[in-house]
Each structure stands twice: as C-alpha cells, then as structure tokens.
Amino acid sequence: MEAWRDTTLPVETRVTDLLSRMTLEEKIAQLAGVWVTAASSGDGVAPHQDELAEDTPPWPEVIKYGLGQLTRTFGTAPVDPQAGAKALEHTQREIMATNRFGIPAMAHEECLAGFTTWGATAYPVPLAWGATFDPALICEMGSRIGHDMRAHGIHQGLAPVLDVTRDPRWGRTEETIGEDPYLVGMIGAQYVRGLEQAGIVATLKHFVGYSASRAGRNHGPVSMGPRELADVMLPPFEMALREGPRSVMQSYTEIDGVPTAADHRVLTELLRDDLGFTGVLVSDYFGVSFLEKLHGTAADAGEAARQALTAGVDVELPTVRCYGSPLAEAVRSGSIDESFVDRAAARVLSQKCELGLLDPSYSPSASPVALDSAENRAVARRIAEESVVLLENSAGVLPLDARRVAVVGPLADDPLAMLGCYSFPAHVGVSHPDAGLGVEIKTVVAALRERFADVTYVPDGPGVQAAVEAADVCVAVVGDKAGLFGRGTSGEGCDAPDLRLPGEQADLLDSVLGTSTPVVVVLCSGRPYTIPPAAATVQTFFPGEEGANAIADVLTGKVNPSGRLPVSVPAHPGAQPTTYLAAPLGHRSDVSALDPTPRFPFGHGLSYTTFEYRDLRLSSTEIPVDGSVDVTCTVTNSGSRPGTEVVQLYLRDPVAQVTRPWRQLVGFVRVPLEPGQSTDVTFTVHADLTSFTGVDGHRVVEPGSIEVHIGRSCADTPLFGSFTLTGSARPVGPDRVLQSSARYS
C-alpha cells in the first residue's frame with residue numbers, strides 16, 4: 001500500500017508521500033474551489049459575481065487533476081435537500097473518478113443563520129446571538145447546524161463572523177455579534193465549538209478589521225492603528241482559535257493601503273506565527289481576483305495569485321480563476337517558487353486526511369436527515385426569546401392586557417422581516433418566489449391574532465390613524481428588510497448614510513405617536529436605529545423563523561424579556577459613530593458640542609421584574625500582576641415575577657501609558673431568580689484581563705489601580721470597587737488568560 005493511503009501512519013507522513021507523487025497541476029488543483037451553479041443573472045450572492053463567475057473554465061477541465069473545494073451546492077438555488085445530497089454524492093464520485101488519486105473535494109456552505117439551504121431551520125442572526133448573552137445556547141445551535149450540514153455531505157461551514165461592530169451604518173452589522181470584543185469572542189467561540197463537535201470545519205471570518213471601514217461602507221478602506229487592531233479586533237479571533245477551528249477566511253479589507261489578501265504580516269506573521277493557527281486559510285469570495293480588479297495591486301490574475309499565495313492564502317474561493325492556469329504559468333516562469341504551492345497543498349491535503357477523505361474506505365454517500373426538526377425549532381425559539389430586548393416600558397403598557405389591538409407597519413405582515421440576509425429565503429429564495437419559503441415563518445400580525453381576539457391590521461396609509469384611535473393599544477412594527485448589494489436596507493452591501501429608520505417609517509411612527517393611544521414600537525432590524533420615545537419599545541435583531549412567536553410571547557408576558565443590547569442605540573441618527581469602548585474623549589465632553597451618548601447603552605435591557613445589587617466583595621484589594629481576584633456581589637429579584645438578570649462586570653484602568661476605554665466588559669452571566677430570591681454571583685478575574693497594547697506596541701499588564709463596576713449595563717453599574725495590581729509591568733502574549741469565570745449559588 002502507498003504510504004499516503006495507510007491510515008495507521010501520521011497525517012504528516014501520508015501527506016508528504018502524496019505530495020511527492022503529484023504533478024504541479026495536481027497540487028494546484030487542490031488550491032481552488034469551483035462554483036458550478038453560480039449565475040450572472042444580476043441577483044448574485046457574492047460581490048462582483050456577475051462579472052467573475054463566467055471566468056470559470058469548463059467542468060471537465062476544472063476537475064481533470066482533482067479539486068480543492070465545491071462551493072455552495074445547496075445554497076445557490078432552491079433544491080430539495082435529499083436531492084441535493086444525492087447530487088453532491090454524484091459530483092464527488094465524478095471528481096474522484098477523474099483524478100488519478102481519487103481525491104474528493106471539500107464541500108462548503110454558508111451557515112451564518114443556519115444551514116443555508118431550502119427547508120433548513122432559519123435561526124436568528126448573530127446580532128441576536130449577542131443579545132442573548134448566552135454562549136452555551138449558541139453552542140447548542142452550532143452543534144445542530146453542524147449535524148444537519150454533515151448529514152448532507154458538507155464538510156466546512158463559512159461561519160462565524162468575529163468582526164466587532166465599529167460603525168452600525170455598515171450593512172453587515174447584522175452579521176456581527178456586537179460592539180464588544182469580549183462578548184463577540186465568548187459567543188463566537190462557542191459557535192465554533194458547536195460546529196467542530198459536529199464534525200464541521202468552522203471558518204473564522206473575516207480576518208481582520210473588515211467591520212472598521214471608513215463611513216461604514218462595505219469594502220471601504222480601513223484606517224486603523226496596530227493598537228486598535230490588537231485590542232479590539234483580534235481578541236475574538238484569539239478566543240475562538242482556542243476551540244480548534246480548522247479554517248480562517250481572509251478579509252476584503254485593506255488596512256493602511258495594504259489589501260489583507262496580500263498582507264504577509266497579517267496572514268502569516270500575525271495569524272500563524274503569533275496566534276498559532278495551523279489550518280487552511282481560504283479567500284473570501286473573489287478576494288484574490290480583487291487584488292487585480294478592485295485594489296489595483298496586481299496587473300493580472302497571475303500576479304494576484306503570487307501576492308495572495310505568498311501572503312498565506314491557501315485556497316481561492318468561490319471558483320477557480322487566479323489559482324488555476326495563471327498560477328501554473330507563474331510557477332513555471334519563476335515568478336512564484338513552487339514551495340509556496342507545496343505549502344498550501346500540504347495544508348489542504350492534511351485537512352482532507354484528517355477528515356478521512358484520503359482513506360481507501362472513504363465514500364461520499366450522505367445520510368440526509370429531516371431539516372427544520374422540532375428540536376431545531378425549539379432551539380431557534382429559545383434564542384429568539386432570549387434575544388428580545390425590552391428597551392423601554394415607561395407607561396407600563398407591557399405586558400399587554402388589551403381587548404383591541406391595532407397593528408401598523410408593512411413589516412408586521414411580512415415573514416421575511418424575521419430573517420437576515422444570509423437566511424436562505426432572504427438570501428436566495430427571493431430570486432425564486434415559486435419555490436416558497438421552505439419553512440414555516442409566522443408574521444407578527446399572525447402571532448398576535450393567535451393571542452388576541454380583536455386585532456386590526458393597517459400597514460400604512462390614510463387608514464392608520466383611525467384604526468389606532470379606535471384601539472386600546474397600537475403595535476407599530478418597523479425596521480429592515482434584509483437583502484444583498486442594495487436589494488434591502490440591511491445586509492451585505494446595504495450600507496446606510498445614517499441611523500434613521502429606512503423609508504417613510506419615521507413618519508409612520510410620528511403619526512401614531514401623535515394619537516392618544518399607547519404605542520408599542522417593535523423593531524425587527526439588522527442594526528440599531530434612532531427611535532422616538534414611546535409607551536414601550538422592543539428591539540429584535542432578525543429573530544428567525546420563530547421570531548414572531550417570541551415577540552408575541554414577550555408582548556403578552558408569557559416570556560419575561562432577558563435580552564441585552566449587543567450594540568448601543570443612538571440618540572440621534574447622525575450621532576458620531578462610536579461604541580462604549582471609546583476612550584474618555586470619545587464620550588461626551590465640554591470641548592465638543594456633539595454628544596455621542598447613546599439613548600440606550602451597550603448591555604441595556606429591561607425586565608417585567610426588578611433586580612437589586614448589593615454587597616460588593618473583593619477577595620483582595622491587592623493582587624500581583626500575574627494574579628487573580630474574586631469579585632462577588634449579591635443579586636436579588638425584588639419584583640413579583642420570575643426573571644433572568646444578565647449580571648455584567650466591567651473594568652476601568654483610570655491611569656495608563658496609553659488611553660484606555662471608559663469601561664470594558666470582562667465578564668457576564670445569566671442568573672434566573674424567583675421573586676424574592678437572592679444569589680451570590682462571583683467572577684474570577686485574572687490580571688491578564690487588564691492587559692493592553694502599550695506604547696512600544698507590545699501587550700502588557702501594568703501595575704496600578706483598577707476600577708470594578710458591576711450592574712445591568714455599561715452605564716448602569718450600581719456597585720463600584722477597586723483593586724491594585726502590584727509588581728513590575730509584565731509582558732503577555734496570545735497565551736494569556738482571555739476569559740473570566742462566572743458562577744452563582
């Protein structure tokens with residue numbers, strides 16, 4: 001038996017043997033995907049798809065020497081999942097029969113809000129994951145998504161997005177988990193754990209800085225110093241990398257004039273040498289071609305291939321263009337050393353070997369399972385419920401107890417209002433209306449009609465005011481319609497000039513708020529928007545197929561809301577784009593007339609009960625720069641209903657060698673309490689969690705005083721204390737402690 005087929009040998013030995021037998025063309029064939037069903041119809045799901053998809057060589061030519069990846073065999077057009085699995089099996093057998101080593105392709109699919117295929121569960125979007133503050137629940141979702149994908153022959157999932165929100169005008173804000181790197185890292189890492197435990201290769205994206213584009217414009221240049229990159233953008237990737245993800249996707253970003261796809265410093269020195277990543281680095285779709293087509297750093301496809309491959313991009317996705325004949329010609333001409341091809345091919349083949357794709361016994365047969373199972377829907381429902389954020393309830397109108405309910409707003413009767421741009425019905429299904437949604441998605445109107453006998457629905461227009469005046473309460477549903485590249489108000493390529501509600505929705509709100517009827521505003525959106533005061537306001541972030549049920553149950557009080565804001569809600573639509581993590585002068589000050597203080601801060605969320613905080617205790621007021629401290633407080637449900645409080649721990653470094661954030665989240669925990677019940681909540685905080693990038697560009701734990709703030713949000717922290725770090729400044733690196741531990745009893 002040839003060594004590469006011997007499953008008793010180490011992966012490295014097998015791959016080394018296989019590479020020694022392969023020609024240049026066979027090795028290069030492993031470094032690209034192919035997108036068989038990509039169309040140039042104008043309804044593309046990737047940037048510049050119309051322009052670049054047709055450059056793919058004919059199928060027999062593509063698979064002649066083998067193939068690295070199959071792109072989106074399920075998520076490009078509606079296909080019955082069982083038929084799709086059979087078609088994928090047939091394609092894999094054809095690929096294996098054509099290349100002389102019988103190597104199959106990796107099959108990948110999007111899974112940002114569920115397995116992106118017709119008929120699969122449409123889960124809430126990542127911004128809703130962040131609103132739950134519940135990492136364990138997101139891990140369970142990831143495991144379910146991974147199980148469904150693996151059963152249908154998929155090997156790799158293109159998620160999670162670990163970009164930290166910097167400017168919510170960016171259309172892809174809905175794909176982010178929030179504006180705080182600790183929250184993003186905690187939630188994102190658990191999603192990785194769920195996918196990988198199910199046998200799916202998780203793909204961290206987008207490495208790195210994508211969400212910090214100027215003015216929130218997609219693919220816009222990024223003006224970011226190394227300190228912001230290290231202290232804000234990198235920690236979520238560092239946290240997720242500890243869960244063992246086997247793939248990373250490069251960002252479309254250019255940072256300080258250098259496109260990330262061609263940046264050896266970012267993709268090799270930082271990601272691999274510093275952070276220790278050993279898996280396969282894939283390009284974002286057409287990211288290698290963009291070096292030629294958009295960035296202008298490459299004169300042709302061969303030069304784009306040279307820049308990306310030497311920087312560290314192993315696989316060109318979604319389809320072969322640069323990593324095909326242009327790469328082969330560049331190697332033969334001497335402009336690219338073949339060792340770079342060998343390096344990337346070794347990484348790809350090692351991953352295939354680890355997945356069993358090189359084993360003699362491998363079969364591409366799939367075992368399809370029923371998608372959108374009752375268990376899946378139950379998890380989707382829990383996430384939707386936990387992600388609903390009660391922003392205000394000043395008039396005490398919630399929970400609703402009304403006989404006559406008026407519902408207004410076009411989104412109230414649109415099932416797509418529940419879905420983000422990477423949910424299959426919104427992502428692909430809108431281009432195939434005859435296929436149907438594939439899953440049952442209730443609207444807010446339908447959900448309310450199941451709970452109230454007298455519901456009048458008027459989307460907009462002249463009948464609105466009369467209907468509202470005749471009702472006991474008005475529910476106004478406003479927000480976004482997700483889409484791609486300008487085909488929606490939120491989603492990839494749907495960037496906003498400011499944070500006003502899209503279209504005429506602000507006028508609609510003004511008209512109903514001008515009546516004497518109490519108004520409950522329900523936002524279903526992919527980003528925060530400026531909204532006027534109302535009797536009550538509820539925020540959801542594209543809560544998925546069970547979202548309407550979750551909204552209705554919160555409005556009626558069946559579910560006590562426990563969601564917390566993963567992003568701040570602005571007070572003014574043109575407010576300076578900022579997050580709570582800004583240094584002191586990034587907040588309100590006497591030297592600027594522009595006040596960026598949000599109307600509702602990060603971490604904010606109300607309940608139908610009340611919680612009291614008391615008795616802050618620190619295990620020590622002095623700890624060494626490599627020590628830990630226990631921070632404990634007592635939390636009591638002082639109201640009359642059971643509820644869940646999200647206890648949040650923030651630190652502040654008041655004096656440091658560089659400016660530091662006003663406050664920074666370092667711990668949180670969901671605490672369920674019965675009326676009158678109290679519990680002690682303890683966070684164990686390592687000194688590493690106070691570290692930052694110093695003036696010399698290296699991360700350090702600095703001695704000095706550290707403030708402790710515990711409470712309900714970054715701006716509502718009734719408990720305050722401090723401890724002192726003692727000793728000399730201590731350098732720390734990627735192996736530092738990244739998480740606090742939290743417990744309650």
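The values are calculated or read from the model by the stated rules, or taken from the named source; none is laboratory data. Since this is a predicted model, take the numbers as computed values, not measurements. Here the Cβ positions follow ideal geometry from the backbone for every residue, glycine too, while neighbour counts run over all protein chains shown. Ligands, DNA and RNA are stripped out before the accessible areas are found, and what is left, the full protein with its side chains, is counted by its heavy atoms. Shrake-Rupley method; radii C 1.70, N 1.55, O 1.52, S 1.80 Å.
Note on segment 11-42: residues that are within 35 Å of the chain's Cα centre (by Cα), of a type outside the set (A, V, I, L, M) and open to solvent by 70 Å² or more (accessible area, probe 1.4 Å) amount to 3. Scanning for something surrounded by fewer than 17 Cβ atoms within 10 Å (Cβ to Cβ) and touching a helix residue (DSSP H, G or I) at 6+ places or on another chain (Cβ under 9 Å), does segment 630-645 turn up at least one residue? No, there is no match, as no residue in segment 630-645 is surrounded by fewer than 17 Cβ atoms within 10 Å (Cβ to Cβ) and touching a helix residue (DSSP H, G or I) at 6+ places or on another chain (Cβ under 9 Å).
Against the list (1) open to solvent by 10 Å² or more (accessible area, probe 1.4 Å); (2) touching a strand residue (DSSP E or B) at 6+ places or on another chain (Cβ under 7 Å); (3) closer than 30 Å to LEU390 by Cα, the condition VAL62 fails is (3). Filtering segment 392-415 to residues that are surrounded by 23 or more Cβ atoms within 10 Å (Cβ to Cβ) and among the aliphatic types (A, V, I, L, M) leaves LEU398, VAL405, ALA406, VAL407, VAL408, LEU411, ALA412.
Of ARG377, ARG404, which residue is at pLDDT 95 or above, basic (Lys, Arg) and outside the structural domain of GLY503 (by the TED database)? So that I can check it myself, show each step before the final result.
Numbers: ARG404 fails: outside the structural domain of GLY503 (by the TED database).
Just a single option satisfies the conditions, and that option is ARG377.
Between SER525, SER511, SER562, the distinction of being crowded, with 24+ Cβ neighbours inside 10 Å and within 23 Å of GLY461 (Cα to Cα) belongs to SER525 only. Out of everything in segment 495-508 that is surrounded by 18 or more Cβ atoms within 10 Å (Cβ to Cβ) and touching a residue at least 40 places away in the same chain (Cβ under 8 Å), what residue ends up being nearest to ALA402 (Cα to Cα)? Restricting to residues being surrounded by 18 or more Cβ atoms within 10 Å (Cβ to Cβ) and touching a residue at least 40 places away in the same chain (Cβ under 8 Å), the top hit is LEU508.
Reported count of residues in segment 262-302, each being within 20 Å of GLU54 (Cα to Cα), open to solvent by 50 Å² or more (accessible area, probe 1.4 Å) and charged (D, E, K, R), is 2. On inspection, GLU2 does not qualify as surrounded by fewer than 17 Cβ atoms within 10 Å (Cβ to Cβ), at pLDDT below 85 and charged (D, E, K, R).
Could you please find all residues in segment 224-249 being of a type in the set (A, V, I, L, M) and under 20 Å from THR690 (Cβ atoms)? Steps first, answer last, please.
Filtering segment 224-249 down to residues of a type in the set (A, V, I, L, M) leaves 224, 229-230, 232-234, 239-241, 248-249.
Within segment 224-249, LEU229, ALA230, VAL232, MET233, LEU234, MET239 meet the criteria.
Of all residues being within 21 Å of THR16 (Cα to Cα) and not aliphatic (A, V, I, L, M) in segment 303-336, which is most open to solvent (accessible area, probe 1.4 Å)? Just the residue, please. My answer is THR310. Taken over segment 191-217, the criterion of being surrounded by fewer than 19 Cβ atoms within 10 Å (Cβ to Cβ), in a loop (DSSP other than H, G, I, E, B) and not basic (Lys, Arg) is satisfied by GLY199 alone.
Given the options PRO81, PRO57, PRO124, PRO104, name the one that is touching a helix residue (DSSP H, G or I) at 6+ places or on another chain (Cβ under 6 Å) and either open to solvent by 10 Å² or more (accessible area, probe 1.4 Å) or more than 20 Å from ARG347 (Cα to Cα) (or both).
Working: PRO81 fails: touching a helix residue (DSSP H, G or I) at 6+ places or on another chain (Cβ under 6 Å); PRO57 fails: touching a helix residue (DSSP H, G or I) at 6+ places or on another chain (Cβ under 6 Å); PRO104 fails: either open to solvent by 10 Å² or more (accessible area, probe 1.4 Å) or more than 20 Å from ARG347 (Cα to Cα) (or both).
The match here is PRO124.
For segment 33-42, does any single residue satisfy the condition of being under 20 Å from VAL348 (Cα atoms), touching a helix residue (DSSP H, G or I) at 6+ places or on another chain (Cβ under 6 Å) and either in the same structural domain as GLY142 (by the TED database) or in a loop (DSSP other than H, G, I, E, B) (or both)? Spell out how you get there, then give the answer.
Here is the first cut: in segment 33-42, the residues under 20 Å from VAL348 (Cα atoms) are 33-35.
Going one step further and asking which of them are touching a helix residue (DSSP H, G or I) at 6+ places or on another chain (Cβ under 6 Å), we end up with 34.
Imposing the further condition that a residue be either in the same structural domain as GLY142 (by the TED database) or in a loop (DSSP other than H, G, I, E, B) (or both) reduces the set to 34.
So far as segment 33-42 goes, yes, one or more of its residues are under 20 Å from VAL348 (Cα atoms), touching a helix residue (DSSP H, G or I) at 6+ places or on another chain (Cβ under 6 Å) and either in the same structural domain as GLY142 (by the TED database) or in a loop (DSSP other than H, G, I, E, B) (or both).
Consider LEU585 carefully, then state whether it is in a helix (DSSP H, G or I), more than 25 Å from the chain's Cα centre (by Cα), in the same structural domain as ILE531 (by the TED database) and surrounded by fewer than 20 Cβ atoms within 10 Å (Cβ to Cβ). When the stated conditions are applied, LEU585 passes them. Here the condition is being surrounded by fewer than 24 Cβ atoms within 10 Å (Cβ to Cβ), closer than 30 Å to GLU26 by Cα, among the acidic types (Asp, Glu) and assigned by the TED database to the domain that holds VAL62; of GLU89, GLU109, it holds for GLU89 alone.
Annotation note: of SER339, SER361, the sole residue that is open to solvent by 30 Å² or more (accessible area, probe 1.4 Å) and in a loop (DSSP other than H, G, I, E, B) is SER361. Within segment 719-742, does at least one residue satisfy the condition of being out of contact with any His (no Cβ under 9 Å at 6 or more places or on another chain) and within 21 Å of LEU565 (Cα to Cα)? Yes, some residue in segment 719-742 is out of contact with any His (no Cβ under 9 Å at 6 or more places or on another chain) and within 21 Å of LEU565 (Cα to Cα).
Regarding ARG527, is this residue within 26 Å of the chain's Cα centre (by Cα), within 29 Å of LEU649 (Cβ to Cβ) and outside any helix (DSSP H, G or I)? Working first, answer last.
Numbers: within 26 Å of the chain's Cα centre (by Cα): yes; within 29 Å of LEU649 (Cβ to Cβ): yes; outside any helix (DSSP H, G or I): yes.
So ARG527 passes the test.
Checked against (1) touching a helix residue (DSSP H, G or I) at 6+ places or on another chain (Cβ under 7 Å); (2) open to solvent by less than 10 Å² (accessible area, probe 1.4 Å); (3) closer than 30 Å to VAL331 by Cα; (4) touching a residue at least 60 places away in the same chain (Cβ under 8 Å), SER247 meets all criteria but (1). One residue alone among ALA378, ALA374, ALA370 is open to solvent by 60 Å² or more (accessible area, probe 1.4 Å), over 20 Å from GLY157 (Cα atoms) and free of Cβ contacts under 8 Å to residues at least 24 places away in the same chain, and that residue is ALA374.
When restricted to residues that are in a helix (DSSP H, G or I) and either touching a Lys or Arg at 6+ places or on another chain (Cβ under 9 Å) or not acidic (Asp, Glu) (or both), segment 2-16 contains 8.
When segment 213-237 is filtered for residues that are touching a residue at least 40 places away in the same chain (Cβ under 8 Å) and among the small types (Gly, Ala, Ser), the ones remaining, listed by number, are SER213, ALA215, GLY216, ALA230. Regarding PRO47, is this residue of a type outside the set (A, V, I, L, M, F, W, C), more than 30 Å from ARG217 (Cβ to Cβ), at pLDDT below 95 and part of a loop (DSSP other than H, G, I, E, B)? Taking the combined requirement at face value, the residue does not satisfy it.
Of the helices (runs of 4 or more DSSP H) lying entirely inside segment 421-494, those carrying at least 1 residues that are open to solvent by 40 Å² or more (accessible area, probe 1.4 Å) and either touching a strand residue (DSSP E or B) at 6+ places or on another chain (Cβ under 7 Å) or without any contact (Cβ under 8 Å) to a residue 12 or more places away in the chain (or both) are 444-449, 464-469.
When HIS604 is tested against the conditions (1) buried (at least 20 other Cβ atoms within 10 Å of the Cβ); (2) over 21 Å from ARG381 (Cα atoms); (3) out of contact with any strand residue (DSSP E or B) (no Cβ under 9 Å at 6 or more places or on another chain), the lone failure is (3).
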